[in-house]
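Written out below as structure tokens is the structure these notes cover.
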Amino acid sequence: METEKIDLSNFLLKNSTSYEDPKSFVELMMGIIDASNLISTLISNGEIGGVLGNLPTTNIQGETQKKLDVLSNDIFIEALLKNNLVSCLISEENENPITNEYNPSGPYTVFFDPLDGSSNIDVNVSVGSIFSIFKYKKNSDSNDIVTLDPGREQIAAGYALYGPSTMFVLSTGKGTHGFTFNSDSKKFILTHPNITVPIETHEFSINTSNERFWNPPISRYIKECNDGEIGERDKNFNMRWTGSMVADVHRILMRGGIFMYPKDSKVPEKAGRLRLMYEANPMAFLMEQARGAASTGREKLLDIIPECFHQRISVIMGSKEEVDRVIRYYAEHDDGKDFEYKSPLFKERSLFQKSD
Ligand code: AHG
Ligand code: MN
Ligand code: MN
């Protein structure tokens, strides 16, 4: 790595010709990096800093807020509003968009999840912060403060991962790149340029306690993984689930696999657990830029036209071949062609198997 000691700010400046407005974009990014550094320090102090535990409040999702959810949110808001570049901020922790009264025509809209996986914070398991940046567009057709564009129009997306080491993973639409925090220089150093999701995998990531609520394509896919080398897939699989999307998606970016939080029948009125604008979209952008794939099972996540700030969505992402397989299972299910899977007698690898 000696020859590649590029830090994140240099990386941003070096690539600045590819940003529409390099000066404002680099400044905006520096705000996000500073916010991530501050949150990382708070987290690493843990119990000593008195920042663990719950608050008596709930957020817009109806979830109990952790002290660190609120602290991280405040840090992001301050860092993003201070240089008047953001017209509109949308956070998981705030029901309504936060607008910039000093510069209501700042060039950017930022969506963010200030602390992802926060239920892990009290047990010292990796958490992260996720962000998604769009060009700010006022909604001229309605009174809404901002136009919600599909994820494909993100100009940048990324996350900070507060794990054994703190990492910053970023895409500005030219590949996905990973940086590791150096505690001596206090800089993020480019350690993982041009991340590519491995194609060949044998790892899946899903909360299997929801199995009874899954739809048939997901049940089929996971059953085949669990059948291992004696089943359809001819190989054994491994399962990993941390409960922090950032940590699970990071692992998949590094060594392949599939991450799924599909819409299920657990709470039928909710279209999945994860939120489109500040969880699914940014991770889908990073995944596609790393030559992986991201889908709802029926549509590419980045093509979804958003309906509201806190919209929930079905999430299936990771190694392209695995995601494509799940998409095929959805299509076969929708066409009524997955009857073979439902009948134990006619499974491809059963008593009446077609080939070995
Ligand atoms: P958040 O902490 O921002 O609310 O996000 C938690 C999310 C995501 O990180 C994770 O994949 C998922 O919720 C975990 O859900 P389960 O509790 O159902 O495992
Ligand atoms: Mn989250
Ligand atoms: Mn969160």
For the stretch 275-283, does any single residue satisfy the condition of being surrounded by 23 or more Cβ atoms within 10 Å (Cβ to Cβ) and closer than 20 Å to SER219 by Cα?
-> no
Which of the residues that make up the stretch 256-310 are assigned to a loop (DSSP other than H, G, I, E, B), touching a Leu at 6+ places or on another chain (Cβ under 7 Å) and without any contact (Cβ under 8 Å) to a residue 40 or more places away in the chain?
-> none
Tell me, yes or no, whether the stretch 65-77 has at least one residue that is under 22 Å from the mean Cα position of the chain (by Cα), touching a residue at least 60 places away in the same chain (Cβ under 8 Å) and within 23 Å of GLU153 (Cβ to Cβ).
-> no
Restricting attention to the stretch 79-93, report how many residues are more than 13 Å from ligand 1 (Cβ to nearest atom), without any contact (Cβ under 8 Å) to a residue 40 or more places away in the chain and at negative phi.
-> 2
Kindly indicate which of LEU85, LEU68, LEU38 is away from ligand 2 (no atom under 16 Å from the Cβ) and crowded, with 21+ Cβ neighbours inside 10 Å.
-> LEU85
Taking the stretch 140-160 only, how many residues are at pLDDT 95 or above and not aliphatic (A, V, I, L, M)?
-> 8
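Rundown of residues vs (1) among the charged types (D, E, K, R); (2) more than 16 Å from ligand 2 (Cβ to nearest atom); (3) not assigned by TED's automatic domain parsing to the domain that holds ARG273, yes/no style:
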{"site": "SER185", "(1), (2), (3)": "no, yes, yes"}
{"site": "ILE218", "(1), (2), (3)": "no, yes, no"}
{"site": "ILE222", "(1), (2), (3)": "no, yes, no"}
{"site": "ASN226", "(1), (2), (3)": "no, yes, no"}
{"site": "ARG240", "(1), (2), (3)": "yes, yes, no"}
{"site": "VAL246", "(1), (2), (3)": "no, no, no"}
{"site": "HIS250", "(1), (2), (3)": "no, no, no"}
Could you grab the pairs with beta carbons closer than 6 Å, sequence gap of 6+ or different chains, first residue in the stretch 193-222 and farther than 27 Å from VAL169 by Cα, second one more than 16 Å from ligand 3 (Cβ to nearest atom) and among the β-branched types (Val, Ile, Thr)?
-> TYR221/VAL326
Kindly indicate whether SER118 is out of contact with any strand residue (DSSP E or B) (no Cβ under 6 Å at 6 or more places or on another chain), within 16 Å of ligand 3 (Cβ to nearest atom) and among the small types (Gly, Ala, Ser).
-> no
Out of the residues in the stretch 223-248 that are aliphatic (A, V, I, L, M) and buried (at least 20 other Cβ atoms within 10 Å of the Cβ), state the one that is nearest to ligand 1 (Cβ to nearest atom).
-> MET245
Residues that are away from ligand 3 (no atom under 16 Å from the Cβ) and either among the hydrophobic types (A, V, I, L, M, F, W, C) or crowded, with 19+ Cβ neighbours inside 10 Å (or both), drawn from the stretch 124-150 = ILE133, PHE134, TYR136, ILE145, VAL146, LEU148
Qualifying residues in the stretch 277-293 (those that are away from ligand 3 (no atom under 14 Å from the Cβ) and among the hydrophobic types (A, V, I, L, M, F, W, C)) - the one nearest to GLY158 (Cα to Cα) | LEU286
Residue in the stretch 268-275 that is modelled with pLDDT under 95 and small (Gly, Ala, Ser) present = yes
Cβ-Cβ below 9 Å, separation at least six or inter-chain, first residue in the stretch 115-144 and at positive phi, second modelled with pLDDT of 95 or more and among the polar types (S, T, N, Q): which pairs?
-> GLY117/SER126; GLY117/THR242; GLY117/SER244
Would you check which residues across the stretch 94-109 are out of contact with any Pro (no Cβ under 9 Å at 6 or more places or on another chain), away from ligand 1 (no atom under 16 Å from the Cβ) and closer than 27 Å to THR166 by Cα and list them?
-> TYR108
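The values are calculated or read from the model by the stated rules, or taken from the named source; none is laboratory data. Predicted model, so just to flag it, every value in this text is computed and none were measured. Methodologically, a virtual Cβ is constructed for each residue, glycine included, from the backbone with ideal geometry; neighbour enumeration extends over all protein chains shown.
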